[in-house]
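Notes for the one structure printed next.
The values are calculated or read from the model by the stated rules, or taken from the named source; none is laboratory data. Since the structure is predicted, the reported quantities are computational estimates derived from the model, not experimental observations. Cβ coordinates were reconstructed from backbone atoms using ideal geometry, including for glycine residues, and neighbour counts include every protein chain displayed.
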Amino acid sequence: MPIMVLVNNYIWVEGSTSVLSENALKIPVIDLTETENEDLLSRKVVQAFEQTGMIYVENLPGLNLEQIYECNKWFSKQPREVKDTVLRHQWNNKNKNIYRGYFPVLQDSGLFCEGFEVGEDTHVTFDSKHAKSLFYENSVWPAEDGEIKFKQKMHKFYGCYHKIGLDILRLCALGLGLPETYFQYMFCDKPLSTLRLLHYPQRNGEPPKNAARTKDGKIIAVDDHCDTEFLTLLTTFGHGGLEILDNNGDWQPVPPRPESLMVNIGDTFSSMMGGRFKAVRHRVVDLGIERYSAAFFLAPSYDVDVGFDIMKKARGETTNLTEQPFGPFLFRKMKYEKKYPEFKDLPDE
Ligand SMILES: O=C(O)CCC(=O)C(=O)O
Ligand SMILES: [Fe+2]
C-alpha cells in the first residue's frame, strides 16, 4: 500500500515512481504573469513544444484547482441514479445526450476511469449548418444537492481554461515570430473545447488478467495515446501515474506540480506545425490508489480549416494539404483512427 503524504494540500504518493525530479524530463515552468520578458518566455514555450511537447503553467488567472478538485470529487460521489440522468445515450437509451455527459468505467477497455464532460454550452440556438452536429450538443447537468454550485463553477472554469489556453497560444505565436493574435480566430466562434473530469476508482481484488501492463508489470489505467485537439490543459491534483514517451522511446513519469497545469500539444496543432510541435504520447499507470484528474481540451470551431501548414503559409509557401474543417477531422480521429473506447460507438454524422 503506498504511503500518502499531504504536501501543499495535494496528496503525493511517497515512493511512487511519479514523484521524480522535474529535471529528468526538462519540462519548463511557464509563469503566465511574467509579462516583462515575453520574448524569452515565448521562446521557452516554443522550445519545449518542439522538444518534449509539454510545459507546466503556473499563476493561472481565475482558475482555482482546489475548487475543480471539489467539483470532481462531488460528481464522482453522486449515486448511480444521479449519474444515470447524465449518462450518454449509448449506456442509457432514455437520455438524448450522445457526446456530452457521463461515461462509466468501461471494464477491460484500456480506460479504467469514469468521466464527465461538458462543452461551451452557448450553442442553444444558432444559425449554422452544423447546429445539429453532435459536437454542438448542449451539456447535461446533474441535479445539485446544495453542497457546491457544480454547474456554475464548471461554467466559470471552462471560461478560465479557455482564456489560459489562448494565452499559451499567444506565447506560441510570439515565439514562432507570428502576430500574437494569430491563433485567436480559430477559437472565437463556438469552439468545440471540452472540460473533462476523470475519476479512477481504486481497483479491488486481483487486477483483470488481460489488463494492459507496463514492462515492469504496472497496470495501465489509460492506454498510450496522443490527444487529438489543439492543446490539453491537465491537472492531476497531485496524483502521480501520468507518463510520457521521451525522445529515446522510454516512458517517463511526469511529476505533478502544485498549483500548476501540465499543458501538451494535440494532434491537430502538431499536424498544422508539420510535426515541429510534438503531440506527446502519454498514458496513465495504476498506482493502486484512487485518482482524480481534470483535462481541458482546447479545440477550434467546427468549420475552422486545420488542413494547412501554419509556418509554410506564414512564409507564403504552398502547403500541399487540402482544406480540412476541424469537426470532421475530430470525428474521424476519435471514432475511426483512435477508436477511443468512450467514443467508438458515436453515430456517423
Ligand atoms: O488522467 C490523466 O492524467 C490523463 C488523462 C488523459 O490523458 C486524457 O484524458 O486524455
Ligand atoms: Fe490524454
Condition first: within 16 Å of ligand 1 (Cβ to nearest atom), over 16 Å from Met54 (Cβ atoms), modelled with pLDDT of 95 or more and hydrophobic (A, V, I, L, M, F, W, C). Can you find one or more residues in region 140-155 that meet it? no
Please name all residue pairs, on different chains or six or more residues apart, with Cβ atoms under 6 Å, provided the first residue is in region 294-309 and is more than 21 Å from Leu234 (Cα to Cα) and the second residue is within 16 Å of ligand 2 (Cβ to nearest atom) and not in a strand (DSSP E or B). Val306/Thr268
Test: residue in region 43-56 that is more than 20 Å from Leu234 (Cα to Cα), in contact with a helix residue (DSSP H, G or I) (Cβ under 7 Å, 6 or more places away or on another chain) and modelled with pLDDT of 95 or more: yes
Scanning region 256-285 for residues that are hydrophobic (A, V, I, L, M, F, W, C) and closer than 21 Å to Asp31 by Cα, the one farthest from ligand 1 (Cβ to nearest atom) turns out to be Phe277
For the subset of region 220-235 comprising residues that are surrounded by 17 or more Cβ atoms within 10 Å (Cβ to Cβ) and over 28 Å from Val304 (Cβ atoms), which member is farthest from ligand 1 (Cβ to nearest atom)? Ile220
Output the number of the condition that Ile244 fails; it satisfies all remaining conditions of (1) over 15 Å from the mean Cα position of the chain (by Cα); (2) more than 27 Å from Glu120 (Cα to Cα). (1)
Cβ-Cβ below 6 Å, separation at least six or inter-chain, first residue in region 217-230 and farther than 16 Å from Glu290 by Cβ and assigned to a loop (DSSP other than H, G, I, E, B), second acidic (Asp, Glu) and more than 10 Å from ligand 1 (Cβ to nearest atom): which pairs? Cys226/Asp267; Thr228/Asp267
The residue from Tyr302, Tyr336 that alone is away from ligand 2 (no atom under 16 Å from the Cβ) and either more than 18 Å from Leu231 (Cα to Cα) or of a type in the set (Lys, Arg) (or both) is Tyr336
Being under 29 Å from Phe331 (Cβ atoms), at pLDDT below 95 and out of contact with any Leu (no Cβ under 6 Å at 6 or more places or on another chain) is true for just one of Asp250, Asp216, Asp224. Which residue is that? Asp224
Any chance region 205-216 includes a residue that's surrounded by fewer than 20 Cβ atoms within 10 Å (Cβ to Cβ), within 14 Å of ligand 1 (Cβ to nearest atom) and either in contact (Cβ under 8 Å) with a residue 40 or more places away in the chain or aliphatic (A, V, I, L, M) (or both)? no
